[in-house]
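K.L.:
What follows is a single structure, and I will ask about it in a moment.
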């Protein structure tokens, strides 16, 4: 009967799924799709006794309800397949539509309350950090200390919010890891993948450097992988609809998740090295030996953005 | 060497992911895969394996076999919200064994052990007991399905037209059929639901409509012990047997075969067959499992299916691999030919008799544990 419910949930989407009986935390039902378990709103670690990888970010990490009801998936969904469930939990607390700022003000405290010593927080923001901090929910561009008062809220820069996540994660005795944002799927006519090396990816890199934080240049790694695969192959990673260039489907989510895993493995002291599942072990370390994403004067960019808003 | 290849195929598979035509790199990776990749089978598995490696990446099925659980092309109406690609025959010129059923046959949306849960249905390891040069295996079972949801929903509608003359369908339902009307009659209940047996007979009929042979299995048992013996009682066993009889379809009492095997293996060993095992359950804060098998348990169940196939008179036994030789034919009281196989499977292969006799000649099991022979 439970399986029937699950099937119906698969067929008819999250509305029905939400009605399936939620298993007691002490004994989660294994028959439930494990991906959906870790993607649920306010999901908690399967086994509180184990360390936990918390994912925070936007829709490129956790799309919509996290059940793929629109056929789109963030990389945080397949990500847990690469880790040994008997050794570590993966909980995807990312939320579509959030910026570094809006996640910090509305959702972060609920995550942080549950972060414990020995945990990991992998963060990736930037997709929704464009636009105006006044009319939108975005951070101030850059990594500086400047602030802006918006309707009583003191708005900070992208780098400031990222630094806060890092600090507060460390205060809990947990390990922060920064990912630069996933790129938009934009091929140039010559087959090169169009990169923006001056904004949020660069600011994430600089923040990681300034705070001595583990850093995954996911932006560049995906860009390179996309160039290897070619435009036609990569097109299948995005959407539906076919015009989609940011949100990934299952194939794209898997590909991006494997970039994250491959980048973790390339770290000299990968803190997650002992936690990979058989599947995770089979993912080769990515080649990150090439020159890292050039940081084109982020300070100047930050200064420029300050003056604009 | 194999590891390197796996890694390599993992690495390059992304490149091949959504490309339906298999590029040269794909055939390179598959031809280097284990020996089962024959000349006739290497091309098609190559492209599938490349994709499935990316999606599945499991530790149990080799690159050649993985495509039997997952296809490469999204199909409208398929469940799984974009994650499930129904597998298809690797070589359209070969006959195909279509496997249908529920999660005890193919577990999880991805059919790959689902991460670390490591649950597997017997439809995965069964590929190792067939000669993939002679037959395709396509595991179309899907977790959560009942006899009627499989028949009425996406699965059968999509699959049935693809059955061709000389194909085989092996089915097993019941685990989720608790609310399906009991019996084999033609009556329809208020919800428009037929009886369990009616659906089974319908699968048989519509398989025959396509020129195929349908074998009915009773469901796999739940782990229920009484006085040191397996004592699982489920009324879907009798319903399946009766439906097979009425439909004149070959029948394997898988439920009984597995229980007899468990009686020999004993409780401690059988505890290792269901995932999570009591030990894993304790480590992961879960309940120990009593229905879904891990890889080892799925092999045991698969061997019981194979033993049944070897005892039946259907031509399917002609397609078994050398590995199947170590599996003893099932006792006669656990199978029923129901006198239909001869009339419905005229397309059997010429090698039938040879294969039968050679396999029965070597039934002295090299490893007693691998044998389903009991008593």
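Read-outs: derived from the displayed coordinates by stated rules, not from any lab. Remember, it's a predicted structure, so these values are computed and weren't measured experimentally. Neighbour counts are summed over all protein chains in view; Cβ atoms, including those assigned to glycine, are modelled from backbone coordinates with ideal geometry.
K.L.:
Between the range A:230-268 and the range B:179-199, how far is it from one alpha carbon centroid to the other, in angstrom?
P.N.:
Between the Cα centres of the range A:230-268 and the range B:179-199 lies a distance of 45 Å.
K.L.:
When B:156, B:122 are ordered from fewest to most other Cβ atoms inside 10 Å of their Cβ, what list results?
P.N.:
Fewest-to-most ranking of B:156, B:122: B:156, B:122.
K.L.:
Let me ask something additional. What is the order of B:150, A:83, B:142, fewest Cβ neighbours within 10 Å to most? Provide the component values of the computation, followed by the final result.
P.N.:
Values: B:150 27, A:83 21, B:142 30.
Ordered from fewest to most neighbouring Cβ atoms within 10 Å, B:150, A:83, B:142 come out as A:83, B:150, B:142.
K.L.:
Please report B:220, A:199 as a ranked list, fewest other C-beta atoms within 10 angstrom at the top and most at the bottom. Before the final figure, lay out the partial values.
P.N.:
On the way: B:220 30, A:199 19.
The order, fewest Cβ neighbours first, is A:199, B:220.
K.L.:
Which values, in whole Å and largest first, are the semi-axes of the equivalent ellipsoid of the range A:77-143 obtained as the square root of 5 times each eigenvalue of the Cα gyration tensor?
P.N.:
Semi-axes, largest first: 28, 13, 10 Å.
K.L.:
Quick one: what do you get for the range B:92-203 if you divide its Cα Rg by 2.2 N^0.38 Å?
P.N.:
1.13
K.L.:
Describe numerically, in nm with one decimal, the distance between label points set 7 Å from Cα along Cα→Cβ at residue B:227 and at residue A:188.
P.N.:
My value for the distance between the label points is 8.1 nm.
K.L.:
Related question: Quote the FRET efficiency, to the nearest 0.05, computed for residue B:269 versus residue B:333 with a Förster distance R0 of 22 Å and r equal to the Cβ-Cβ distance. Walk me through the numbers on the way to the answer.
P.N.:
On the way: r = 24 Å, r/R0 = 1.09.
With a Förster radius of 22 Å, E is 0.35.
K.L.:
Still on this structure: For residue A:167 paired with residue B:182, estimate the spin-label separation in nm (one decimal), with each label point 7 Å from Cα along the Cα-to-Cβ line.
P.N.:
6.8
K.L.:
Sticking with this structure for a sec: Quick check: the distance between the Cα centres of the range B:271-306 and the range A:109-177, to the nearest angstrom?
P.N.:
That distance is 44 Å.
K.L.:
Now a separate question. Translational diffusion coefficient of the range A:34-307 at 25 °C, 0.890 mPa s, Stokes-Einstein with Kirkwood Rh over Cα pairs, in µm²/s as a whole number.
P.N.:
On the way: Rh = 18.6 Å.
In µm²/s, the coefficient rounds to 132.
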